[in-house]
Amino acid sequence: MVQLYRIHIIMLVAAALCLSVGAAQADTPALRIPRASEPPKLEDYLNGGSRQSELMVTGFRQREPGDGVPVSQETSAYLSYDDKNLYVIFVCKDELGKTRARLTKREDIASDDLVKVFLDTFHDQQRAYVFSANPVGIQLDGIVTEGQDDDFSFDTLWHSEGRITASGFVVWMSIPFKSLRFSDATQQTWGIALGRLIPRNNEESYSPHITKRLEGFVPQMAALEGIEQISPGRNMQFIPYGVLSRGRFLDTPPGGAPELRTTGEERAGLDAKIVLRDALTLDLTVNPDFSQVESDEPQVTVNQRFEVFFPEKRPFFIENAGFFQTPVNLFFSRRVADPQAGIRLTGKLGRWALAGLAIDDRAPGKRVPVSDPLRDRRARIGVARVQREFGEQSYVGVLVTSRDFASGSNRVVSLDTRLKLGPNLIFSGQAMRSYTRQLDGKRFSGPAYFAELRHESRTFDYVGRYVDFSPDFRSQLGFVRRVDVRRTEHEVEYSWRPKSRRVQEFGPTVFAQVNWDRQGRVQDWEVEAEFKMELSGQTELQVERSESFELFQGRGFRKHSTGLSFSTAWLKWLAFSGGYNWGTNVNFDPAPGLAPFLANGVEGELRLTLRPTSQLRFDQTYI
């Protein structure tokens with residue numbers, strides 16, 4: 001049965017490869033931006049005015065809910081630049097009192113009206129910066145990469161202002177070239193898209209029109225021409241720090257008399273960022289201080305059979321993090337827990353994307369007892385990635401990772417590709433092999449494989465995957481939850497989009513997977529059906545049912561689950577979401593003396609957000 005699935009996957013890929021790689025996308029327009037004689041100001045646009053030395057962009061059309069329908073509220077954008085900055089000003093009409101805009105912390109603006117600028121500064125149709133702001137100027141930035149999840153951990157320095165007016169709102173943006181990476185060519189050609197989101201209508205509009213009838217977002221962006229004689233300049237940042245602390249505490253050792261002890265800490269370090277040739281970024285760190293890094297969002301870690309993923313938030317690892325990514329995550333930077341010194345190089349040279357990292361980690365030597373010979377030893381870590389782009393939105397890449405700790409080591413070599421097979425069809429594949437030497441001298445090696453065929457359109461989506469990890473495959477720097485598996489999974493989604501203002505989209509999704517070990521024994525299988533309905537006013541209703549089987553510690557468990565969820569932000573001042581799931585699940589960590597067993601499981605969650613004014617917000621969560 002396993003061989004039949006492997007033959008099926010091979011035939012599927014072979015048929016797909018017979019299609020022409022890089023089918024042409026829809027023609028995209030070209031925009032020519034003028035150089036400004038002086039920087040624009042927000043006040044220049046509050047009364048409907050504009051300036052001569054700028055490009056006016058109109059013609060915004062919906063991507064959601066109506067693909068190609070003109071934006072429901074009149075929207076214009078004005079573009080210009082000077083030696084140091086790109087300027088974008090949005091003038092958005094709106095009904096009085098309907099605009100949603102709150103004063104909140106940076107990046108917490110997902111439920112507000114938004115305007116967006118996407119910049120593909122290398123014009124490679126692979127990735128783009130995104131700069132967003134709400135009507136009062138609160139910022140959100142990130143990086144969009146084709147074939148990867150959007151990366152909103154990226155942060156850079158730029159400026160924005162916003163003002164709500166009687167006829168709508170105006171947002172002013174100034175994006176320094178120093179905050180961008182681009183080629184050192186005298187004349188630049190970038191990709192650009194301008195967007196507006198109106199949440200009360202579930203509306204998402206862009207200029208140029210970016211349709212869901214074609215796969216991919218960045219390839220449909222317009223060409224921005226006319227930018228000449230610019231450079232990030234000497235972009236070098238050095239951030240030193242120092243910590244000096246003293247404290248006294250009462251120590252009560254077992255069997256001893258209490259006594260006062262004095263402790264202290266002296267610590268210093270440096271972070272540095274240097275831009276080379278406008279397109280390459282060199283990051284350096286010495287004894288970094290991560291104490292100010294934002295904390296992780298809460299996740300359920302109780303009764304979890306496999307590791308829970310937490311995203312990276314440390315600044316040293318964030319810029320161009322997508323350059324290290326492959327379909328199977330073989331470099332998860334949180335595996336480096338406590339570095340003392342590191343160097344990191346990322347960037348682009350023509351159609352080559354490059355990424356490299358060399359760093360140490362003191363954490364392994366701190367986890368062992370004081371008497372252990374490995375105490376205070378460090379792990380030495382190296383990662384290298386080279387990716388070559390070709391055709392339209394296709395690439396092939398190589399990744400090598402290495403980790404050494406004392407006499408132990410782990411090496412992983414990977415070859416991966418992403419092929420654009422048609423307007424709506426993408427194939428991704430990866431072949432990997434690891435080489436591991438344990439501390440006791442034992443050596444083992446194993447391969448792993450990944451293949452995915454994805455079809456995306458406005459009404460029909462399909463994803464089919466095949467994953468194969470040998471029992472001896474190890475990726476000590478990656479995020480691989482499980483080995484000794486052969487898994488195939490398929491997901492089909494169909495959507496109806498009625499011409500209704502209230503019901504905007506509805507349809508079913510069916511997901512199925514089965515997983516074997518290398519001996520052909522079924523480890524688990526799952527079939528899940530879901531029906532989702534999306535209404536205006538950011539309202540969504542979802543019902544799902546699943547049947548599954550799981551093998552754990554040699555015992556088979558048959559499980560089922562039913563779930564309901566609902567969310568809405570229909571009212572400007574109130575948002576509500578809730579979910580309830582009931583069925584059966586395995587207790588993986590029972591009380592001492594008990595074997596794992598199947599039990600009834602119930603999980604519920606309610607979230608309530610009140611915003612009586614734009615400055616005041618109450619959040620309440622019940623789990």
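Which one of these does ASN134 not meet: (1) modelled with pLDDT under 90; (2) within 20 Å of PHE618 (Cβ to Cβ); (3) over 17 Å from the mean Cα position of the chain (by Cα)?
The single condition ASN134 does not satisfy is (1).
Among the residues of segment 103-114, count how many are buried (at least 21 other Cβ atoms within 10 Å of the Cβ), touching a residue at least 60 places away in the same chain (Cβ under 8 Å) and in a loop (DSSP other than H, G, I, E, B).
2
Out of all the residues in segment 159-178, is one or more surrounded by fewer than 20 Cβ atoms within 10 Å (Cβ to Cβ), in a strand (DSSP E or B) and touching a helix residue (DSSP H, G or I) at 6+ places or on another chain (Cβ under 8 Å)?
Yes, segment 159-178 has at least one match.
Let me confirm something: among VAL510, VAL463, which residue is closer than 26 Å to GLU307 by Cβ, at pLDDT 95 or above, surrounded by fewer than 17 Cβ atoms within 10 Å (Cβ to Cβ) and of a type outside the set (S, T, N, Q)?
Just one listed residue meets the conditions, VAL463.
State whether one or more residues within segment 140-153 are within 24 Å of GLY191 (Cα to Cα), hydroxyl-bearing (Ser, Thr, Tyr) and out of contact with any Lys or Arg (no Cβ under 7 Å at 6 or more places or on another chain).
The answer is no, given that none of the residues of segment 140-153 is within 24 Å of GLY191 (Cα to Cα), hydroxyl-bearing (Ser, Thr, Tyr) and out of contact with any Lys or Arg (no Cβ under 7 Å at 6 or more places or on another chain).
Report whether or not TYR449 is of a type outside the set (Asp, Glu), buried (at least 16 other Cβ atoms within 10 Å of the Cβ) and touching a residue at least 60 places away in the same chain (Cβ under 8 Å).
No.
Of ALA268, ALA279, which residue is among the small types (Gly, Ala, Ser), at pLDDT 80 or above and under 23 Å from LEU399 (Cβ atoms)?
ALA279
Of the conditions (1) at pLDDT below 95; (2) small (Gly, Ala, Ser); (3) under 22 Å from GLU38 (Cα atoms), SER153 clears all except one; give me its number.
Of (1) at pLDDT below 95; (2) small (Gly, Ala, Ser); (3) under 22 Å from GLU38 (Cα atoms), only one is false for SER153: (3).
Among ALA166, ALA193, ALA222, ALA185, which is of a type in the set (A, V, I, L, M, F, W, C), closer than 24 Å to LEU276 by Cα and in the same structural domain as THR75 (by TED's automatic domain parsing)?
The unique qualifying residue is ALA185.
Tell me the residue from THR584, THR539 that is closer than 29 Å to VAL522 by Cα, touching a strand residue (DSSP E or B) at 6+ places or on another chain (Cβ under 9 Å) and outside the structural domain of LEU197 (by TED's automatic domain parsing), please.
When all the criteria are applied, what remains is THR584.
Let me spell it out: the conditions are (1) without any contact (Cβ under 8 Å) to a residue 24 or more places away in the chain; (2) in a strand (DSSP E or B), and ALA268 meets all of them except one. Which number is the exception?
Failing condition for ALA268: (1).
Any idea which of (1) under 30 Å from TRP190 (Cα atoms); (2) surrounded by fewer than 21 Cβ atoms within 10 Å (Cβ to Cβ); (3) free of Cβ contacts under 8 Å to residues at least 60 places away in the same chain is the one PRO364 doesn't satisfy?
Only one criterion in (1) under 30 Å from TRP190 (Cα atoms); (2) surrounded by fewer than 21 Cβ atoms within 10 Å (Cβ to Cβ); (3) free of Cβ contacts under 8 Å to residues at least 60 places away in the same chain is unmet by PRO364, namely (1).
Of a type in the set (Ser, Thr, Tyr) and without any contact (Cβ under 8 Å) to a residue 12 or more places away in the chain: does that describe SER333?
no
Could you check, for segment 546-565, whether at least one of its residues is in contact with a helix residue (DSSP H, G or I) (Cβ under 8 Å, 6 or more places away or on another chain) and either within 27 Å of LEU606 (Cβ to Cβ) or not assigned by TED's automatic domain parsing to the domain that holds SER111 (or both)?
no
For segment 319-346, give me each residue that is in a strand (DSSP E or B) and surrounded by fewer than 22 Cβ atoms within 10 Å (Cβ to Cβ).
Selection gives ALA341, GLY342, ILE343, LEU345.
Of all residues in segment 213-265, which are closer than 30 Å to THR121 by Cβ, small (Gly, Ala, Ser) and either out of contact with any Pro (no Cβ under 7 Å at 6 or more places or on another chain) or not in a strand (DSSP E or B) (or both)?
Scanning segment 213-265 gives GLY216, ALA223, SER231, GLY233.
Select, from ASP82, ASP120, the only residue that is in contact (Cβ under 8 Å) with a residue 12 or more places away in the chain and over 26 Å from the mean Cα position of the chain (by Cα).
ASP82
Can you find, within segment 585-623, the residue that is surrounded by the fewest Cβ atoms within 10 Å (Cβ to Cβ) among those that are assigned to a strand (DSSP E or B) and of a type in the set (Asp, Glu)?
Ranking the candidates gives ASP619 first.
The values are calculated or read from the model by the stated rules, or taken from the named source; none is laboratory data. Worth saying up front: this structure is predicted, and the values here are computed from it rather than measured. Every residue, glycine as well, gets a Cβ built from its backbone with ideal geometry; the counts of neighbours run over all protein chains shown.
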